[in-house]
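S.K.: Here's a structure for you.
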Amino acid sequence: LVKVIIKQQSVHTKEEKPSAFSAGFQYRVKDALIPTFLFEYDKYAIGLAYDINLSKLTTASKAKGGFEFCLRYNWNPGYGKMVGNSTSGGLH
């Protein structure tokens, strides 16, 4: 996935929350192509993917796959100015 940081987190006050958007493709060998999108805001993320069938089942499935959704809680967002800051994330 390619990630674009929309907004950096405030380093000193933590009042500005980080946000990012990611998009890309995943590929399962001889089986499926999966376009994937992910939006992250602070410690939360929501994602959407669509599994496109490329295997021998294409005749039966007419290359139709299925939507996949994800909801995620990031203990430490892991992007923006706070990356590598030993005081960010984790338990204090």
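S.K.: Using a Förster radius of 41 Å, what is the FRET efficiency between Leu57 and Ile5 based on their Cβ-Cβ separation? Nearest 0.05, please.
M.R.: 0.60
S.K.: Please work out, to two decimal places, the log10 of the ratio I(q)/I(0) at q = 0.22 Å⁻¹ from a Debye calculation in which every Cα of the range 1-44 carries one identical scatterer.
M.R.: Listed by q, the Debye log ratios stand at -0.73.
S.K.: Can you tell me the order of 67-76, 34-43 when each peptide is scored by its average per-residue count of other Cβ atoms within 10 angstrom, highest first? Intermediate results must be reported in sequence, preceding the final value.
M.R.: Numbers: 67-76: 10.2, 34-43: 16.4.
Order by mean packing, descending: 34-43, 67-76.
S.K.: Compute, for Lys7, the solvent-accessible surface of its heavy atoms (probe 1.4 Å) with the complete set of protein chains present, and express it in square angstrom to the nearest 10.
M.R.: 90 Å²
S.K.: Between Gln26 and Asn76, take the C-beta separation as r, use R0 = 30 Å, and let me know the FRET efficiency to the nearest 0.05.
M.R.: Using R0 = 30 Å, I get an efficiency of 0.80.
The values are calculated or read from the model by the stated rules, or taken from the named source; none is laboratory data. These numbers were taken from a predicted model, which means no experiment stands behind them. With ideal geometry, Cβ positions are generated from the backbone for all residues, glycine too; neighbour counts draw on all protein chains shown. Surface accessibility is based on the protein's heavy atoms, side chains included, excluding ligands, DNA and RNA. Shrake-Rupley method; radii C 1.70, N 1.55, O 1.52, S 1.80 Å.
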